[in-house]
Amino acid sequence: MKRTRLFGSNRNLKLLMLALVALGATGLGIAAYATNLLRTLDLNTMNSRFAIRGNQRPHPNILLVNINDTSLSQIPQQWPFPRAIDGKVINNIAAQHPKAIAFDVQFSQQSSQGQKDEVAFLNALGNANGRIVLSWTVTDPSNGDVQLFGLAQTQKALRQAGVQPGMGLFPDEPGGFDREMEYSINKLDTFAVVTAGVATGHQIKPFSGKRWIDFAGPAGTFPSVSFAQAYYGTTTGTSTGPKLPSNTYTGKIVVIGATAPVLLDIHPTPTDPGMPGPEVQANAIATVLGGFPLSSVPGWIDVLLIVVLGVAVPLASIWVRPAISIGIAVLLGIVFAIFVQLMFNAGWVVSFVYPLGALVLAAVGALAVQLVTEAFERIRTVDLFARFVPEDVVDEVLKSADGLRLGGIQREGTVMFTDLRGFTSFSESLTPAQVIEVLNHYLSEMSDAILDNGGTLVAYMGDGIFAVFGAPLEQPDHADRALRTAREMLETRLPRFNEWIRSQGLGDGFRMGIGLNSGRVMSGHVGSERRVEYAAVGDTTNTASRIEGLTKGTPHQLLLSDSTREALVQPAEDLVFVDEVDIRGRVSRMKLWGLNESAPPSPAPAEAAQTTA
């Protein structure tokens, strides 16, 4: 009883375990999200999002002046160039009235060419009319002051001199990637923020935290000229080439910086593993000018996605099989990935790893629960069904299309009912313990005969037995199996049981009544969650029971219907026609057959039929 109740509560156990899986998956996902446990992995998905989105049109008013390998070879002086060369480039660009000149090169150290060289550079800064932005990466931690040519300078003094200082660093990211920017670092506004403010003529509104850089594409996306071209003012980058157009820099934000690999200003970004620093700055400037097109969604949306994906598969697993639940998980993962990308294309950054991680954990957990509970269900089926049929039949049932559920199925089969004659009056003279012992001995003998011949033991009814051949598994020779079982009962099992009765001093033994009928049999598990058993119902079953009843008081211990005789694969030559009788519940009379047995005279089956009716 305890075992039946244990298996009867299997569904409740499954619901509890699935609820725990959903709770665990969402809890772990939210905890990881709150602690940034998988932030590196989540940030790395940005690379794929940019790649899928594809290259974007760069800002039309940003122009790069690249200190590239060509410039290093065309300008005769060695790097770092004399400040006078940098000053001449500034003068050439300023003459065409750009919106801003952002020089992404450090001028913290004194010039190797002496003070005169520095003065030439300072004069060029003055000629830029306040449109020049210089980059620093180090500031005084106490007040934000910077070094210019080895001398400490306050930011206020630089601005008064027409120089706008900007912090050239980006926030530290795992793997050294440049993905985000801040408004200020180490008490100095960042290079991109300052440059955008100079270009627009007003200060950029301060913001807190980090903002995503909206990269337009890989290195080379922004238009550029070489530093040598800017220095010589020619299209070839030499002093003898054709001059650059007079509007090359007009109205532009000109970003000057080192792009030659040898100068080591190369950074990994989501769109390029080796993007030169000035192009990173150009993307950051364009991002500020564009009003920060990429924004992270509010945190509660990420948490909601974690919860939804962490709960979806366990919830679906209540009703669907493991293979389908895995399919649902895969489909949800694909839909979520598409959703994340579409949101990115629309300017929203959704956390990808944490919700997907919750989905994976939930899917694996739900699959484990389903497999475990299905294993319990299989054990339950074996436990229940092995009482009725041989073990090899149980294995075949579990492999069949009906599987574990065994709903109603209909088969051509043969139903058997047996009864031990006179057992009720016999048991009145025995103690309860003796009655049970005798009954168990008898039922064991007859049950083994049924199971050994591939029959399904449906039920015990006191000293009676209800069995079926050909269900739940189809058996073309079901009638032969039933007749063979009846012979074994009468010729071997019953004599052996009677011999045991006599050895116990309990009497001379018993006779049996066996009824067989063939036809369509409906079978399956019936009952409730707490109590379930196998049943075979229908007209074939009812008729078999009544045929067994006709054996009472007759010389025949076995009676079988004409349908059973006709269903035999191997005809039985020793069957004898007994009578054609009326069976309650049937319109036409039924022919009955039996074995040629010797027994004391008794009423004819027809008379018995009238009595039972």
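All of the numbers you see were taken from the coordinates with simple rules; none came from a lab. In this text the structure is predicted, and so the values were computed from the model without any measurement. Heads up, the Cβs are rebuilt from the backbone with ideal geometry, glycines too, and the neighbour counts pull from every protein chain shown.
Brief remarks on what is shown
- Overall form of the range 548-592 per C-alpha gyration tensor (a/c, 1.5; a/b vs b/c): oblate
- Taken over the range 451-596, the alpha-carbon convex hull comes to 137 cubic angstrom per residue.
- Efficiency of FRET from Cβ geometry, R589 and M461, R₀ 30 Å, rounded to 0.05: 0.65
- Principal axis box of the range 165-295, alpha-carbon based, largest edge first, Å: 50, 34, 25
- Selection from L37, Q109, W79 lying farthest towards where the dipole of the range 1-119 points positive, charges on Cβ: L37
- Relative intensity, log₁₀ I(q)/I(0), of the range 197-264 from a Debye sum that treats every alpha carbon as a point, q = 0.14, 0.16, 0.26 Å⁻¹: -0.67, -0.82, -1.22
- Sites S108 and L304, calculated FRET efficiency, Cβ-Cβ separation with R0 60 Å, nearest 0.05: 0.80
- Look at the dipole of the chain built from charges on Cβ: of G257, H525, L125, the Cα furthest out on the positive end belongs to L125.
- Label point of E533 set 7 angstrom out along Cα-Cβ; within the range 446-464, amide nitrogens under 17 Å from it belong to 447, 456-464.
- Distribution of pairwise C-alpha distances over the range 1-143, 10 Å bins, in %: 8, 20, 19, 14, 12, 8, 6, 6, 5, 2, 0
- Three principal axis lengths of the range 74-167 [C-alpha, angstrom, descending]: 42, 30, 20
- About its Cα centre, the range 421-486 has a charge dipole of approximately 120 debye under the convention of +1 per Lys or Arg Cβ and -1 per Asp or Glu Cβ, with nothing else charged.
- Both radii come from the Cα set of the range 405-476: Rg as radius of gyration, Rh as Kirkwood radius; their ratio Rg/Rh reads 1.09.
- Percentage relative contact order, the range 202-243, counting C-alpha pairs under 8 Å, at least six apart: 18
- Applying the Kirkwood pairwise sum to the alpha-carbon positions of the range 148-223 produces a hydrodynamic radius of 14.2 angstrom.
- Size descriptor, Kirkwood hydrodynamic radius, that averages inverse alpha-carbon separations across the range 91-229, Å: 16.3
- Whole-number percent relative contact order across the chain, with pairs defined as alpha carbons under 8 Å at least 6 apart: 13
- Spin-label pair V372-A51: with each label point 7 Å from Cα along the Cα-Cβ axis, the two points sit 3.8 nm from one another.
- Of the two radii for the range 296-342, the radius of gyration is 1.05 times the Kirkwood radius, both from the alpha carbons; that is the Rg over Rh value.
- For the range 458-524, the share of alpha carbon pairs falling in successive 10 Å distance bins from zero is 17, 42, 27, 12, 2 percent.
- N129 paired with L41, simple spin-label distance in nm, labels 7 Å along Cα-to-beta-carbon: 5.6
- The chain: Cα Rg divided by the 2.2 N^0.38 Å rule of thumb: 1.85
- Farthest toward positive dipole pole in the chain [+1 Lys/Arg, -1 Asp/Glu at C-beta], among T269, I301, I338: T269
- Charged side chains reduced to their Cβ positions (Lys and Arg at +1, Asp and Glu at -1) give the chain a dipole of some 2640 debye around its Cα centre.
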